[in-house]
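One structure is given below, encoded as structure tokens.
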Amino acid sequence: MGEQLAEWAPGKLEELGSGVEKALDDLHNGEHKGGPFENDLESARAYLLTQLQEKYGLQFAVVGNENLENYGPLAGATYTCDAAPVSAPEQVTTALVSQTMYQDVRDGYAVYFFKEEAEEPVLTLCESKAYVIGQNISLEMPETAYTWTAGDGLEKFLSESGAYVRLTLYLENDLDTKTYAEQILDFLSSIDQLDCNLVVQPRANDTYIFFTEAQILDGFDADNYTLEEIEKMVKRRLKTGDPK
């Protein structure tokens with residue numbers, strides 16, 4: 001009896017496991033009924049573009065990175081892409097809709113209403129520092145279903161949208177780590193004059209040698225950093241390089 005059970009059990013367990021796996025696959029691949037678009041690219045794309053046009057009064061086109069992922073009959077499909085106005089193809093934003101939770105399009109297009117005004121003071125600060133030999137400045141924001149307009153004003157946008165300026169500082173290559181630390185601390189001690197939150201990423205020797213999220217609107221204090229702490233991070237970053 002024991003030998004028969006030993007022979008029977010593995011096959012039965014394998015059969016049971018295959019059945020469970022098939023049931024899970026069927027559940028994942030099942031269609032959500034009653035959503036605002038069908039579970040196919042053409043339908044999802046048309047729905048998202050219509051949503052963007054209604055939101056901003058502009059005709060948009062998909063410009064890349066399309067993805068349609070089905071999460072089963074309960075959650076439904078989610079569609080993401082990069083889109084831009086037909087009249088301004090350089091103004092690219094990531095956008096998302098889903099059949100269930102995110103039926104109102106979520107995107108970050110509103111940065112283009114405030115980009116120039118928000119980035120200009122950051123550029124002015126960078127240009128005032130002789131050790132900054134270049135910079136890359138980009139106003140960014142979390143994707144949102146909320147409809148921001150230019151009439152909302154920069155101050156409200158920066159304080160309520162979660163927007164921030166991502167700043168890459170290019171420093172001279174092959175300096176000693178203490179010099180880099182002094183330059184970084186000096187820059188951090190100057191940013192409280194800005195009216196936006198920052199992500200600061202100094203770069204040298206083809207490596208990001210430091211990183212911080214400076215919540216300036218919430219009272220960022222550069223005194224929380226010491227020269228020694230910054231130098232230690234710079235040494236570690238220069239040794240390990242950027243993550244692969």
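Read the figures in this text as sums done on the coordinates, not as results from a lab. Computed from a prediction, not measured in an experiment: that's the story for all the values here. Cβ coordinates were reconstructed from backbone atoms using ideal geometry, including for glycine residues, and neighbour counts include every protein chain displayed.
Would you tally the net charge around ASP192, using a Cβ to Cβ cut-off of less than 12 Å, leaving ASP192 out, and scoring K and R as +1, D and E as -1?
Charge balance near ASP192 sits at -4.
Helix 227-240 versus the longest principal axis of the chain: what angle, 0 to 90°, nearest 10, using Cα atoms?
Helix 227-240 and the main axis of the chain meet at about 50 degrees.
Compute, for the range 47-146, the length of the dipole vector about the Cα centre, with Cβ point charges of +1 (Lys, Arg) and -1 (Asp, Glu) only. Units Debye, rounded to 20. Mind showing how you got there, number by number?
On the way: 4 positive and 14 negative charges, 28 e Å.
In total the dipole reaches around 140 debye.
So who's got an amide H within less than 5 Å of the one on GLN135, skipping anything under 5 residues away but keeping other chains? H placed 1.01 Å off N, in plane.
TYR170
Would you mind counting up the charge near TYR102? Only other residues with Cβ under 14 Å from its Cβ, with Lys and Arg at +1 and Asp and Glu at -1. Walk me through the intermediate numbers first.
Working: positive: LYS55, ARG106; negative: GLU69, ASP104, ASP107, GLU143.
So the environment of TYR102 carries a net charge of -2.
Each residue of the range 91-100 in turn: what ³J(HN,Hα) in whole Hz from Karplus with 6.51, -1.76, 1.60 and θ = phi - 60°, glycine and Pro shown as x?
Couplings: 8, 8, 9, 7, 9, 9, 9, 9, 6, 10 Hz.
Which GluC sites (Glu not before Pro) does the range 195-244 hold that lie in a coil by DSSP with at most 15 other beta carbons within 10 Å? Intermediate values should be presented prior to the final figure.
Values: sites: GLU213, GLU228, GLU229, GLU231; in loops: none.
Filter output for the range 195-244: empty list.
As an exercise, find the ratio Rg/Rh for the chain from alpha-carbon atoms, using the Kirkwood inverse-distance average for Rh.
1.16
With θ taken as phi - 60° and the coefficients 6.51, -1.76 and 1.60, list the Karplus ³J(HN,Hα) couplings across the range 71-79 in order, rounded to whole Hz; mark glycine and proline as x.
9, x, x, 7, 7, x, 8, 10, 10
If you fit an axis through the alpha-carbon atoms of helix 41-56 and take the longest principal axis of the Cα set of the chain, what angle between them do you get, 0 to 90°, nearest 10?
For 41-56 against the chain, the angle is about 40 degrees.
Roughly how tilted is helix 177-188, in degrees to the nearest 10 and between 0 and 90, from the longest Cα axis of the chain?
So the helix axis and the longest Cα principal axis differ by about 90 degrees.
Suppose we keep just the DSSP beta bridges with both residues in the chain; what percent of those would be antiparallel, to 5?
Values: 30 of 36 bridges.
Roughly 85 percent of the DSSP beta bridges within the chain come out antiparallel.
So what are the ³J(HN,Hα) numbers for the range 138-145, from phi and the Karplus equation (6.51, -1.76, 1.60; θ = phi - 60°), rounded to whole Hz, Gly and Pro as x?
9, 6, 10, 8, x, 5, 8, 7
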